[in-house]
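Chemist: Structure below; questions to follow.
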Amino acid sequence: MSTSSTASRAKKPLQLSGLYPATVTPFSEDFSIDQPSLRRHLQQVADTEGVRGIVVNGGIGELLQLSLAEQIQVVEEARKAVTGEQIVVAGLYASNARQAAEQARALKQAGAQALLVLPPFDIRAYRRLLKHEPSVTRYFSELGDAGGLPMIIFQYAPNSGAAYPLEILAALAEIPQVIAIKATSASLEAYQPIWNLLQDRLSILAAVDGPPLVEMLEYGAHGALIGISTIGTPFWVDLVQAAREQDRERVAQVFRDHCAPIMEKVWENHLPTRFVSEIASTKEALVQMGHLPSARVRPPSVGMTEEVRKEIQTGLMQAGLLGHTAAA
């Protein structure tokens with residue numbers, strides 16, 4: 001594969017670094033968006049020192065369950081929460097570029113400053129197109145031209161069946177509006193080629209809610225974009241910063257004492273065996289910490305059970321986020 005390129009990270013409209021937490025969308029009893037809780041949640045994350053931006057309407061934000069009007073509502077609240085130095089990244093999913101462009105223009109008008117673009121061909125009829133470079137590059141070129149926003153490529157893990165081959169990621173790097181990759185690689189072996197080839201062309205954001213995150217950050221990353229970091233956000237800021245500073249002792253300490261219990265008990269180390277949704281588990285952790293009033297998720301996602309609730313409680317206590325007295 002040729003490695004020649006005209007792309008340069010330094011010349012992209014945005015260079016991303018540091019932590020970008022992916023936030024949740026709280027719901028009321030009637031499953032409408034709980035606006036006051038959403039506002040508090042976004043503000044709490046944005047107010048954490050070291051957070052470089054907040055991501056809304058991603059997978060953990062229940063993008064597939066939100067109407068475009070609701071997505072706009074969430075983006076508007078996010079824009080109110082961030083400081084002038086932070087950015088709002090909005091998730092986007094559409095299987096054709098025209099529909100994606102319409103959504104992108106609406107999200108931009110609402111205040112989004114970048115898009116996290118989910119794989120557009122992650123459906124059976126089109127999935128083989130993920131490996132067809134002309135189809136993929138045309139989609140992103142048209143979206144970039146029409147939407148006018150910088151774009152982050154959501155790279156799924158290889159075992160998902162919806163990951164772009166490395167040569168297509170390299171081709172996407174040539175598109176001016178493509179600025180970054182959310183590398184949900186699930187293993188260092190899958191992550192290394194992305195970093196090795198594209199670190200000077202795009203911002204590479206490590207993105208797995210399990211232990212491989214540490215290996216990825218230490219191997220090389222400009223930052224991280226992870227949903228788990230809405231739980232105990234300062235810990236994740238510290239983890240990413242320590243890795244950037246190559247302070248392995250601090251990385252090990254922060255991970256062992258704080259991050260690992262959250263990964264294990266809330267996210268099952270990104271290797272789920274239970275039917276309860278990771279979204280519900282993340283919301284439940286925030287409920288137990290007093291940040292949200294409800295762990296409610298929209299069907300078909302599976303909501304909280306008492307057994308999982310107790311596991312999450314244990315993890316929060318182990319991570320130092322919940323006192324034994326408060327959790328009793």
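The values are calculated or read from the model by the stated rules, or taken from the named source; none is laboratory data. A quick note: this is a predicted structure, and the numbers were derived from the prediction, not measured. Cβ sites come from the backbone with ideal geometry, for glycine too, and all protein chains shown count toward neighbours.
Chemist: Within the stretch 111-125, can one find any residue that is more than 29 Å from Ser5 (Cα to Cα), more than 21 Å from the chain's Cα centre (by Cα) and either surrounded by fewer than 19 Cβ atoms within 10 Å (Cβ to Cβ) or charged (D, E, K, R) (or both)?
Modeler: Yes.
Chemist: Search the stretch 62-77 for residues being part of a loop (DSSP other than H, G, I, E, B) and in contact (Cβ under 8 Å) with a residue 40 or more places away in the chain, and hand back the single one that is nearest to Ser17 (Cα to Cα).
Modeler: In this case the residue turns out to be Glu62.
Chemist: Only one residue in Gly84, Gly58 is surrounded by fewer than 20 Cβ atoms within 10 Å (Cβ to Cβ) and assigned to a loop (DSSP other than H, G, I, E, B), so which one is that?
Modeler: Result: Gly84 is the single residue among Gly84, Gly58 that is surrounded by fewer than 20 Cβ atoms within 10 Å (Cβ to Cβ) and assigned to a loop (DSSP other than H, G, I, E, B).
Chemist: In the stretch 256-284, what count of residues is obtained for those that are among the hydrophobic types (A, V, I, L, M, F, W, C), free of Cβ contacts under 8 Å to residues at least 60 places away in the same chain and under 21 Å from Gln65 (Cα atoms)?
Modeler: Final tally of qualifying residues: 4.
Chemist: Something else about it: Between a residue in the stretch 113-131 that is more than 28 Å from Ala78 (Cα to Cα) and any residue that is part of a loop (DSSP other than H, G, I, E, B) and of a type in the set (Asp, Glu), which pairs come within a Cβ distance under 8 Å, given they are 6 or more apart or on different chains?
Modeler: If the second residue must be part of a loop (DSSP other than H, G, I, E, B) and of a type in the set (Asp, Glu), the pairs left are Leu130/Asp122.
Chemist: Answer yes or no: is there a residue in the stretch 133-142 that is part of a loop (DSSP other than H, G, I, E, B) and either surrounded by fewer than 23 Cβ atoms within 10 Å (Cβ to Cβ) or of a type outside the set (Asp, Glu) (or both).
Modeler: Here is the first cut: in the stretch 133-142, the ones part of a loop (DSSP other than H, G, I, E, B) are none.
Within the stretch 133-142, not a single residue is part of a loop (DSSP other than H, G, I, E, B) and either surrounded by fewer than 23 Cβ atoms within 10 Å (Cβ to Cβ) or of a type outside the set (Asp, Glu) (or both).
Chemist: Let me confirm something: among Tyr126, Tyr156, Tyr139, which residue is under 25 Å from Arg52 (Cβ atoms) and hydroxyl-bearing (Ser, Thr, Tyr)?
Modeler: Tyr156
Chemist: A further question on this structure: Go through Gly232, Gly223, Gly290, Gly227 for me and flag whichever is of a type in the set (Gly, Ala, Ser) and surrounded by fewer than 18 Cβ atoms within 10 Å (Cβ to Cβ).
Modeler: None of the other options fit; the residue is Gly290.
Chemist: Sticking with this structure for a sec: Can you name the number of the only condition in (1) modelled with pLDDT of 95 or more; (2) out of contact with any Lys or Arg (no Cβ under 9 Å at 6 or more places or on another chain); (3) closer than 25 Å to Gly223 by Cα that Gly84 fails?
Modeler: Of (1) modelled with pLDDT of 95 or more; (2) out of contact with any Lys or Arg (no Cβ under 9 Å at 6 or more places or on another chain); (3) closer than 25 Å to Gly223 by Cα, only one is false for Gly84: (1).
Yes/no matrix, rows are residues, columns are (1) aromatic (Phe, Trp, Tyr); (2) closer than 23 Å to Leu107 by Cβ; (3) over 20 Å from the mean Cα position of the chain (by Cα):
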{"position": "Leu129", "(1), (2), (3)": "no, no, yes"}
{"position": "His132", "(1), (2), (3)": "no, no, yes"}
{"position": "Pro150", "(1), (2), (3)": "no, yes, no"}
{"position": "Gln155", "(1), (2), (3)": "no, yes, no"}
{"position": "Ala163", "(1), (2), (3)": "no, no, no"}
{"position": "Ile181", "(1), (2), (3)": "no, yes, no"}
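Chemist: Can you list residue pairs whose Cβ atoms sit under 8 Å apart, with the first residue in the stretch 209-226 being touching a residue at least 40 places away in the same chain (Cβ under 8 Å) and the second being part of a helix (DSSP H, G or I) and of a type in the set (Val, Ile, Thr)? Count only pairs 6 or more apart in sequence or on different chains.
Modeler: These pairs meet every condition: Asp209/Ile228; Val214/Val251; Gly223/Val240; Ala224/Val240.
Chemist: Just for the stretch 256-282: of the residues that are among the aliphatic types (A, V, I, L, M) and surrounded by 15 or more Cβ atoms within 10 Å (Cβ to Cβ), which one is nearest to Gln241 (Cα to Cα)?
Modeler: Here the answer is Ala260.
Chemist: Continuing with the same structure: Pick out the one residue from Ser141, Ser95 that is without any contact (Cβ under 8 Å) to a residue 60 or more places away in the chain, among the polar types (S, T, N, Q) and farther than 18 Å from Ala180 by Cα.
Modeler: Ser95 is the lone residue from the list that is without any contact (Cβ under 8 Å) to a residue 60 or more places away in the chain, among the polar types (S, T, N, Q) and farther than 18 Å from Ala180 by Cα.
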